[in-house]
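I have placed the structure first, in the form of structure tokens, so that the comments after it can refer back to it.
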Amino acid sequence: MISDQEVLEIARKIEDANNIDIKKTIEKAATAGYLGEEHFYCTVIEDGGLTHTVPEILGDRYKSQPLDNLYFDIISKSLDLDGIYISLGYCASNLIIPEEECSEIIEYDDYDLDEDEYEYLVEYNLITADSVKKFRVYAEEGIASHERTEDVGLIINIIEKEYKAYFALRSTDQCMSSFRVLPFSTKYQKEHPLSFKNPINKILIEMINETIVLN
């Protein structure tokens, strides 16, 4: 597992979104097969933090929209308004994925309690377009995972005439989405769901970094 410092270096590197090939990153993200329709992998953010899919903007939220010129024209225009969100990483405890289909199996070993205090081993599948990793940790450690309706990705928008990108956790409820930007602050301990020290976030950030297509 990468170090805290390496996580911070990744966050600093991707902040300059001019280095990211947004079109190719969206196209690659859509191959993950986790959200279903390709157009779900990038949504448009409006003032107030609500999101809309491209089909919604075109007037029919239930219509499938290919990743064509019209799609990317809307995405491009949205970058200069309130920005976009690209969904890139998923933590799933409800999926059964055979070990042979995982690129890596990670067993957490940075425990704070004594060995005899652990009883319940929890398993999570961490998924990106590039790979699937299996993460195991004892529940007694208190490491917070993500909900089934949450995913990790990038918010990209324009700030002072520069495109900026930030890691964020998206929560979806009844077709509404809200975002929490990962703070990358030492105030958040590893048990917090937004902490960069949280091993689930660390692994996903490393995996997402490998998925992002750079110019």
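See the values below:
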item	result
From the options D151, D110, D173, D114, residue that is under 13 Å from the mean Cα position of the chain (by Cα) and either of a type in the set (D, E) or on the phi > 0 side of the Ramachandran plot (or both)	D151
Search result, residues across segment 77-103 that are of a type in the set (S, T, N, Q) and surrounded by 13 or more Cβ atoms within 10 Å (Cβ to Cβ)	S78, S87, S93
Qualifying positions in segment 27-56 - at positive phi and under 17 Å from the mean Cα position of the chain (by Cα)	G33, G36, G49
The listed residue being in contact with a strand residue (DSSP E or B) (Cβ under 7 Å, 6 or more places away or on another chain), buried (at least 17 other Cβ atoms within 10 Å of the Cβ) and of a type in the set (G, A, S), out of A129, A168	A168
Of all residues in segment 18-40 being within 18 Å of L169 (Cα to Cα) and part of a helix (DSSP H, G or I), the one that is most open to solvent (accessible area, probe 1.4 Å)	F40
Test: T43 is surrounded by 13 or more Cβ atoms within 10 Å (Cβ to Cβ), in a strand (DSSP E or B) and among the β-branched types (V, I, T)	yes
Strands (runs of 3 or more DSSP E) contained entirely in segment 139-215, each with at least 2 residues that are among the small types (G, A, S)	162-173, 176-181
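The values are calculated or read from the model by the stated rules, or taken from the named source; none is laboratory data. The shown structure was predicted, so the numbers you read here are calculated from the model rather than taken from an experiment. Methodologically, a virtual Cβ is constructed for each residue, glycine included, from the backbone with ideal geometry; neighbour enumeration extends over all protein chains shown. Just the protein is used for accessible areas: all its heavy atoms, side chains included, with ligands, DNA and RNA removed. Shrake-Rupley method; radii C 1.70, N 1.55, O 1.52, S 1.80 Å.
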